[in-house]
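The structure under discussion appears below in the form of structure tokens.
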Amino acid sequence: MSKFLSQEWLDETRKMADGQPERMGASARLQYVLTAAPDGGDLKYYWVIVDGKLLESGLGELDDTEITLTLSYADGMLIQKGELDSNAAFMQGRVKVSGNTPKLMALLPITQSPEYKQLQREINEITDY
């Protein structure tokens with residue numbers, strides 16, 4: 001099992017996402033900022049998604065970020081576990097978004113696909129929270 005949001009976990013989950021279907025036009029450079037992380041500070045990680053495929057992920061900051069999502073570490077964990085819907089968290093103001101919002105909106109349908117939901121269940125099985 002990999003610790004949630006460790007580099008090992010990001011690498012493992014990126015490999016697991018290889019089987020996701022291509023979604024033309026669903027591309028973005030995403031920066032995540034999780035506040036109140038266990039070490040007391042902010043935890044930053046990023047994803048590079050091209051046509052629905054997660055091509056790159058890592059701890060730290062991404063150059064040329066198009067979208068930044070800021071949320072608490074606790075809410076990030078609840079979303080990953082499937083206990084908090086990411087769309088609901090956004091609507092409730094628990095996820096703050098800055099940057100290219102239309103690009104983010106183009107990614108949202110992916111999170112409702114059966115393939116994505118299955119991937120989330122598989123990721124939870126290998127995650128140490």
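Rule-based calculations on the coordinates, nothing more; no lab input. Computed from a predicted model, the values in this text were never measured in an experiment. Note: ideal-geometry Cβ built from the backbone for every residue, glycine included; neighbour counts use all protein chains shown.
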For region 1-107, please list each of the helices (runs of 4 or more DSSP H) lying entirely inside it that holds at least 3 residues being within 21 Å of T127 (Cα to Cα).
-> 7-16, 73-81
Taking the residues in region 65-107 that are surrounded by fewer than 15 Cβ atoms within 10 Å (Cβ to Cβ) and among the basic types (K, R) as candidates, determine which candidate is nearest to F4 (Cα to Cα).
-> K81
Those residues of region 23-50 which are charged (D, E, K, R), over 17 Å from L108 (Cβ atoms) and in contact with a Gly (Cβ under 8 Å, 6 or more places away or on another chain), in sequence order | K44
Given the conditions (1) more than 19 Å from L5 (Cα to Cα); (2) loosely packed, with under 15 Cβ neighbours inside 10 Å, report the number of the one that E61 does not fulfil.
-> (1)
